[in-house]
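Contents: one structure, followed by commentary.
The values are calculated or read from the model by the stated rules, or taken from the named source; none is laboratory data. Everything numeric in this text was worked out from a predicted model, so none of it was measured. The accessibility values were calculated without ligands, DNA or RNA, using every heavy atom of the protein model including side chains. Shrake-Rupley method; radii C 1.70, N 1.55, O 1.52, S 1.80 Å.
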Amino acid sequence: MDVPLWFALLVVGVLGVKLIRPPWWLIAVLLLGGYLIADSLLAPVIDTAVK
């Protein structure tokens, strides 16, 4: 069965929020920070470090 990546991330995110109960401001900071870093000059450096 092929599951789209966005759906898998959505399910993991919803389960994480329900089980761990992090504060909403932390979720917003992580999402916004990830979005901003993905468009920054650090993106190639992070990409090579992850791979």
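Just the protein heavy atoms count here, and of the accessible area of the chain at 1.4 Å, carbon and sulfur take up 77 percent.
To the nearest ten degrees, helix 24-38 and the longest principal axis of the Cα atoms of the chain are 30 degrees apart. Using a/c under 1.5 as the rounded threshold, could you call the chain rounded, prolate or oblate? The axes a ≥ b ≥ c are square roots of the C-alpha gyration tensor eigenvalues, and prolate needs a/b larger than b/c, oblate otherwise. Taking the square roots of the gyration eigenvalues as a ≥ b ≥ c, the chain is oblate. Only helices enter the 222 nm calculation for the chain: every DSSP H run of n ≥ 4 contributes -39,500 (n - 2.57), and dividing by all residues gives -24000 deg cm²/dmol, rounded to 500.
Using the 1.4 Å probe convention, the accessible area of the chain works out to 97 Å² per residue with neighbouring protein chains retained.
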